[in-house]
Amino acid sequence: QPDWIDYNGHMNLAYYMLAFDHATDAFFDFVGLGEAYLKANNASTFTLEGHITYDRELMVGAPMRFETQLLAHDAKRLHYIHFMYHAADGYLASTNELISLHVDMTARRSAAIPDDVIARLDAVAARHDKLPRPEQAGRAISIAR
C-alpha cells in the first residue's frame with residue numbers, strides 16, 4: 001500500500017512485521033489457535049522471539065503471497081517460519097521466523113496447548129517435517145569477521 005512505502009521507495013520494515021502478523025493470524029486460524037480459539041478458551045499465544053530477513057525489495061502495489069512452515073512444536077510452544085513472496089514475479093522478498101508461547105489469558109501464564117490442537121499441529125508437522133529445513137531458520141545476527 002502507498003503508506004507502507006518509506007523514503008527509500010520500498011516497503012518500510014515496520015510493515016513487513018504487520019504483513020507477517022496477518023500471516024500468523026491465518027496460520028493460527030488454520031491450526032485452531034486463532035481469535036475464535038481465544039474467545040472460546042480464554043487462551044492465546046504470545047510471541048517470544050522473532051527474526052526477519054529482508055531478501056529483496058517490495059515496491060508500492062506489489063502483490064504478496066505467504067507460505068508458512070511449522071518447524072517444531074511442544075506442549076506449550078510453536079516454532080514456525082513465514083515466507084513472503086512477490087505474488088506476480090515469484091521471488092522471495094522476506095522471511096519471518098517466530099517462536100510463540102501458548103498462554104492462559106486469565107493467569108497470563110504459559111499453559112499446555114489442548115490435545116485437539118496438538119493433534120492438528122502433529123498432522124501439520126507430519127507433512128512439514130518432510131520439507132527441507134529453510135536456510136533462514138535458526139540464523140543468528142552478527143557481522144562475521
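When only the Cβ of Lys, Arg, Asp and Glu is charged (+1, +1, -1, -1), the dipole of the stretch 77-145 relative to its Cα centre reaches about 260 debye. Here the contact order of the stretch 19-103, divided by its residue count and restricted to Cα pairs under 8 Å and six or more residues apart, works out to 33 percent.
Based on the Cβ-Cβ distance of Val60 and Ala123, what FRET efficiency does E = 1/(1 + (r/R0)^6) give at R0 = 30 Å, to the nearest 0.05? Efficiency for this residue pair is about 0.20. From the Kirkwood radius over Cα pairs of the stretch 55-101, Stokes-Einstein at 10 °C and 1.306 mPa s returns a whole-number translational diffusion coefficient of 136 µm²/s. The stretch between Asn42 and Lys130 holds 28.3 nm of extra length on full extension. This uses 0.36 nm per residue minus the Cα-Cα distance.
What full-extension length gain, to one decimal in nm, is calculated for Ser110 and Ala140 as 0.36 nm per residue of separation minus the Cα-Cα distance?
Full extension from Ser110 to Ala140 adds 8.2 nm.
Taking a ≥ b ≥ c as the square roots of the eigenvalues of the Cα gyration tensor of the stretch 1-129, is the shape rounded (a/c under 1.5), prolate (a/b larger than b/c) or oblate? Here the stretch 1-129 falls in the prolate category.
For the chain, the relative contact order is 23 percent, taking Cα pairs closer than 8 Å that sit 6 or more residues apart in sequence and dividing their mean separation by the residue count. For the chain, the 222 nm mean residue ellipticity estimated from helices alone, with every DSSP H stretch of n ≥ 4 adding -39500 (n - 2.57) and the total spread over all residues, rounds to -9000 deg cm²/dmol. Put +1 on the Cβ of each Lys and Arg and -1 on the Cβ of each Asp and Glu in the chain; which of Asn12, Gly50, Ala144 then has its Cα farthest toward the positive end of the dipole? Sorting the options by dipole projection puts first Ala144.
Computed about the Cα centre, the dipole magnitude for the stretch 1-50 is approximately 120 debye when only Lys and Arg (+1) and Asp and Glu (-1) carry charge, each at its Cβ. Could you let me know the centre-to-centre spacing of the stretch 1-53 and the stretch 84-142, using Cα atoms, in angstrom? So the separation of the two Cα centres works out to 12 Å.
Values in this text are rule-based calculations from the coordinates and carry no lab data. Just so it is clear, the model here is predicted, and its values are computed rather than measured. FYI the Cβ positions are ideal-geometry reconstructions off the backbone, even for glycines, and counts take in every protein chain you see.
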